[in-house]
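So the structure is just underneath, and the comments pick up after that.
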Amino acid sequence: MSFRADSPYNDLPLLPPCEDVETKAVLKACIAARAALSELRVSGQLIPNQAVLINSIPLLEAQASSEIENIVTTTDRLFRFANEAGDQADPATKEALRYRTALNDGFESLKQRPVSTSTAVAVCRTIKGVELDIRATPGTALMNEATGTVVYTPPDGQALLREKLANWERYIHEAEDIDPLIRLAVMHYQFEAIHPFIDGNGRTGRVLNLLYLVDKGLLDIPVLYLSRYIIGNKRAYYDRLLAVTTDGAWQDWILYMLEAIRETADWSTARIRAIRDLLDQTAGQIRRDLPKIYSRELAEVIFVNPYCRIGDLVSAGIAKRQAASVYLKTLTERGLLQEMKAGRENLYINPTLLSLLSDRSPA
Ligand SMILES: Nc1ncnc2c1ncn2[C@@H]1O[C@H](COP(=O)(O)OP(=O)(O)OP(=O)(O)O)[C@@H](O)[C@H]1O
Ligand SMILES: [Mg+2]
């Protein structure tokens with residue numbers, strides 16, 4: 001084995017892995033993860049307005065995934081600045097919002113092309129907010145945060161990196177005899193081991209995971225909160241990535257990813273159901289108590305925008321500015337929203353939805 005922690009691992013083996021990745025334990029875990037994912041997919045389809053979901057779970061994913069990199073922001077800040085007010089946010093919130101944008105743009109890009117090296121470049125550019133490309137200079141190394149020692153040095157040289165990425169791309173789309181979830185685990189390791197960028201590889205790889213699930217038809221929209229598991233099991237994440245390199249420990253790594261998918265699919269399903277129940281309950285309450293202003297769209301708009309502005313009602317075609325303002329004030333009087341001043345504008349907060357989304361504990 002030619003691996004040395006402190007010198008570029010140019011001998012990183014090409015895919016497929018030479019070990020058998022479809023062990024009995026892996027196949028068993030794969031079935032459980034597939035079942036949990038398909039339940040998530042169905043629960044997503046039961047919310048007719050997909051914007052409700054696209055605006056919530058990906059923000060949680062962005063928050064947790066950025067936190068793995070020690071970019072810490074709160075759910076409240078993220079939702080508050082999720083729309084056009086983003087440029088007023090603090091740097092950490094902005095960076096997490098860029099992750100969300102990268103995920104949404106990547107999702108859109110799947111209509112044109114499958115997950116590829118160019119998807120990775122586009123995602124990383126958006127996350128980092130700079131015009132970067134595949135690494136051309138040496139010097140990138142992964143450290144142990146606590147001790148400062150180098151644990152892994154990725155391969156060097158742009159041509160070599162592109163070669164390894166081309167192999168990665170072929171494997172994820174062409175190894176069709178391997179279940180897509182197993183391929184996803186292999187893909188994530190290999191991408192991180194190639195480490196094509198100077199920074200942002202972890203977050204880019206985690207965005208690609210979600211895009212891949214959509215690409216392979218296992219999800220309709222990227223609403224799996226996968227980084228929730230990773231942030232909760234961060235030590236194992238690093239250890240198992242490294243053990244693939246040092247010991248060829250594929251099975252442990254794949255089992256880790258399959259369990260991550262299963263657990264976070266269950267969590268996401270439960271949250272989506274709770275969001276749906278809350279939305280139906282809120283719509284019912286408005287219809288009953290405030291029939292003059294009721295429309296399903298009005299109930300939905302305060303779920304699409306947990307920090308709602310008058311302009312959100314106007315652009316959703318619900319009412320003109322003056323009426324929209326009356327609607328939001330009426331909902332506030334009823335206790336469904338809370339009003340907050342933000343500069344010259346008013347924000348109307350949906351507190352029950354926010355507390356549902358802020359809670360990291362199991363459903
Ligand atoms: N031993 C290892 N081998 C390969 N990849 C690793 C190893 N240890 C960690 N990684 C990956 O490298 C990522 C960190 O790389 P980088 O700093 O470029 O990404 P980031 O997105 O800026 O940070 P982060 O992933 O911490 O959010 C980790 O998240 C993980 O995915
Ligand atoms: Mg980093």
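All of the numbers you see were taken from the coordinates with simple rules; none came from a lab. On a predicted model such as this, the values are computed, not experimentally measured, just so you know. Note: ideal-geometry Cβ built from the backbone for every residue, glycine included; neighbour counts use all protein chains shown.
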**Study point:** Nonlocal Lys pairs with alpha-carbon distance under 24 Å, the chain (8 or more apart, or different chains)
**Key:** 16
Review point. What do you get for Rg/Rh over the chain if you use C-alpha atoms and the Kirkwood form of Rh?
Key: 1.01
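Just to check, using Stokes-Einstein with a Kirkwood Rh over alpha carbon pairs, what's the diffusion coefficient of the range 1-140 at 20 °C and 1.002 mPa s in µm²/s?
Values: Rh = 18.4 Å.
Value of D from the Cα-based Kirkwood radius: 116 µm²/s.
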Check your understanding: When R271, R34, R235 are ordered from fewest to most other Cβ atoms inside 10 Å of their Cβ, what list results?
Key -> R235, R34, R271
Practice item. Along Cα→Cβ, 7 Å out, is where each label goes; now give me the distance between the ones at L290 and A5 in nm to one decimal. Key: 5.9 nm
Point to revise | For the range 116-127, 3J(HN,Hα) per residue [Karplus equation, 6.51 cos²θ - 1.76 cosθ + 1.60, θ = phi - 60°, Hz, x = Gly/Pro] | key: 8, 4, 5, 4, 4, 4, 4, 4, 5, 4, 5, 4
Exercise for review: List D133, D11 from most exposed to least, where exposure is judged by having the fewest other Cβ atoms within 10 Å.
Suggested key: D11, D133
**Study point:** FRET efficiency, 1/(1 + (r/R0)^6) with R0 41 Å, evaluated for A159 and V72 via beta carbons
**Key:** 0.65
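Pull out the extension gain between S315 and D277, defined as 0.36 nm times the separation in residues minus the alpha carbon to alpha carbon distance; nm, one decimal.
Details: separation 38, 0.36 × 38 = 13.68 nm, distance 2.52 nm.
Full-extension gain reported as 11.2 nm.
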Exercise for review: Sticking with the crude label model, points 7 Å out along Cα→Cβ, report the distance from Q88 to T149 in nm, one decimal please.
Suggested key: 4.9 nm
Review point. In whole angstrom, how far apart do the alpha carbon centroids of the range 237-311 and the range 149-215 sit?
Key: 26 Å
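What does the charge count near A260 come to, summing +1 for each Lys or Arg and -1 for each Asp or Glu among other residues with Cβ under 12 Å from its Cβ?
Values: positive: R206, R228, K234, R240, R262; negative: E259, E263, D266.
Taking every other residue near A260 into account, the sum is +2.
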Review point. Taking amide hydrogens as modeled 1.01 Å from N in the peptide plane, which residues meet the under 5 Å criterion relative to V151, leaving out close sequence neighbours?
Key: L142, M143, N144
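Mean residue ellipticity at 222 nm from the helices of the chain, using -39,500 (n - 2.57) per DSSP H segment of n ≥ 4 over the full residue count, to the nearest 500 deg cm²/dmol?
Numbers: 16 runs with 218 residues, N = 363.
Counting only the DSSP helices, I get -19000 deg cm²/dmol.
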Point to revise | Rg and Dmax [Cα atoms of the range 271-358; Å; Rg one decimal, Dmax integer] | key: 12.1, 36
Review point. Treating the beta-carbon of each Lys and Arg as +1 and of each Asp and Glu as -1, no other charges, what is the dipole magnitude of the range 271-358 about its Cα centre, to the nearest 20 debye?
Key: 100 debye
Practice item. At 7 Å along the Cα-to-beta-carbon direction for both K111 and S325, put a label point, then send me their distance in nm to one decimal. Key: 3.6 nm
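Relative to 2.2 N^0.38 Å, what does the C-alpha radius of gyration of the range 1-42 come to as a ratio? Two decimals please. Present the calculation step by step, with values, prior to reporting the outcome.
On the way: Rg = 16.8 Å, N = 42, 2.2 N^0.38 = 9.1 Å.
Expressed relative to 2.2 N^0.38 Å, the Cα Rg reads 1.84.
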Practice item. Starting at the first residue of the range 196-208, write each ³J(HN,Hα) from the Karplus equation 6.51 cos²θ - 1.76 cosθ + 1.60 with θ = phi - 60°, in whole Hz, x for Gly and Pro. Key: x, 10, 5, 8, x, 5, x, 5, 4, x, 6, 5, 4
